[in-house]
Each structure stands twice: as structure tokens, then as C-alpha cells.
Amino acid sequence: QVHIVESGGGLVQPGGSLRLSCAAPVAEFSRYNMAWYRQAPGKQRELVAVLTYYDSTTYAESVRGRFTISRDNAKNTGDLQMNSLVTEDTAIYYCYIDPCARFGACESAFWGQGTQVTVSS
């Protein structure tokens, strides 16, 4: 079992910024796809952003242009920079990694425990 740890969540006003971080203690982290998901109260978990091991990025339409996913393979960490936050961004954010040749297309996957982001005035 891989113990992924997220950090950086908290309370922020609309229009503000937060940076989430994810530490993944796996060998050859550079070979893993990485993603951030979120789950708002009463809603299904949704994919926010993906950064594949070959450096391809994908963003949900609702966050494109505001959020940026990045990684540091030397440190086994990944980040999600969130700018221009709105109340609809309030959710628990989860870090996800998998070693699949194509993102999400194999049985092996690891999740963090989640970090709460609350956007409110």
C-alpha cells in the first residue's frame, strides 16, 4: 500500500489562491500518471486535472485557465496551483497516481486521504 499525503488545503475567499501538494513515496515516480480529483458535498467525485508520465495535461472545463497541475519527479511530489477560486471549487481534493501506460487504464492506482478546500467569504 502506498501512503500518499496531500497538504495545502484550507479556507480562502473567492478570488483567492491555494496551492495543494501531494507526496507519493513510490519508486520511479516519473513513470506514474498523476491527477487531482475533487468531491463536493452531495456530488460525485470528479476529475480536476491530469498530468501523465509523458507530460501531457488535461483539465476539467470548469478549472481550465485557473488551475495548473505540476510535478517534481526528483522529489516525488505533485502540486495543484489554484487561482481565481470560486465557491463552486469547495470540495475535498484527492491526489491520485497510477503506473498505467494510459491514464486510468489499469488496475493499479493509489489515492491520498484528501484535503479540504473551502472557498467562502
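The values are calculated or read from the model by the stated rules, or taken from the named source; none is laboratory data. As the structure is a prediction and not an experimental result, all values here were calculated from the model. Counting neighbours? That spans all protein chains shown, and the Cβs are built from the backbone with ideal geometry, glycine included. Note: accessible area is taken over every heavy atom of the protein model, side chains too, but ligands, DNA and RNA are not part of it. Shrake-Rupley method; radii C 1.70, N 1.55, O 1.52, S 1.80 Å.
Applying the set (1) in a loop (DSSP other than H, G, I, E, B); (2) open to solvent by 50 Å² or more (accessible area, probe 1.4 Å); (3) under 30 Å from S121 (Cβ atoms) to A27 leaves exactly one unmet item: (3). Considered as a group, the residues in segment 1-58 that are over 14 Å from the mean Cα position of the chain (by Cα) and among the aromatic types (F, W, Y) include one that is nearest to T77 (Cα to Cα), and that residue is F29.
Against the definition (surrounded by 15 or more Cβ atoms within 10 Å (Cβ to Cβ), under 17 Å from I4 (Cβ atoms) and of a type outside the set (K, R)), how does G112 come out, yes or no? The answer is yes for G112. Among residues of segment 67-106 being under 18 Å from E28 (Cβ atoms) and of a type in the set (D, E, K, R), the one that is most open to solvent (accessible area, probe 1.4 Å) is R102.
When segment 10-23 is filtered for residues that are of a type outside the set (K, R) and either assigned to a strand (DSSP E or B) or modelled with pLDDT under 95 (or both), the ones remaining, listed by number, are G10, L11, V12, L18, L20, S21, C22, A23. Taking segment 41-121 as the region of interest, none of the strands (runs of 3 or more DSSP E) fully inside it holds 2 or more residues being touching a Cys at 6+ places or on another chain (Cβ under 6 Å).
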